[in-house]
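Peer 1: Please find one structure pasted underneath; my questions will follow.
Every number here is computed from the coordinates shown, using simple stated rules; none is lab data. It should be emphasised that the depicted structure is a prediction, and the values quoted were computed from it without experimental measurement. Methodologically, a virtual Cβ is constructed for each residue, glycine included, from the backbone with ideal geometry; neighbour enumeration extends over all protein chains shown.
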Amino acid sequence: MFAWRLWTEGRPVELINKTIGDTDGGNATTSDGTYITSEILRCIHVALLCVQQRPEDRPKMSSVLLMLGGESTLPQPTQPGYFIEKDQLPSATVADCRSRKQSTSSNEVTITMLDAR
């Protein structure tokens, strides 16, 4: 996941879409107004908390609203549940699925198994 990689490298500001505006002195300015970069980074931080591997580690929606609206210190996110480095994918995975006639994605990289919560 690109966002996780930038977060761990200390470069989350690179996730901010250039159409919002140039980040200059902590603010991103557009013709429609000014966006405070720290608020955008807080949204990214909360988003990473919402995609934790274990559901019990993810914040509840009521907590998300408080996190987005407040200025309290947020817990550090851990690696997202669906994060797989390209080199970490076992080479046998796709071949195993084909041999068992399981479906893979069209790009033959991802595998989806549906489980009810």
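Peer 1: So, counting K/R as plus one and D/E as minus one, what does the shell of residues with Cβ under 13 Å around Trp7 add up to?
Peer 2: Numbers: positive: Arg5, Arg11, Arg42; negative: Glu9, Glu14.
Once positives and negatives cancel, what remains is +1.
Peer 1: Listed highest first by mean packing, meaning other Cβ atoms within 10 Å per residue, what order do 53-66, 35-48 come in? Walk me through the numbers on the way to the answer.
Peer 2: On the way: 53-66: 11.3, 35-48: 15.9.
For the peptides 53-66, 35-48, the packing ranking is 35-48, 53-66.
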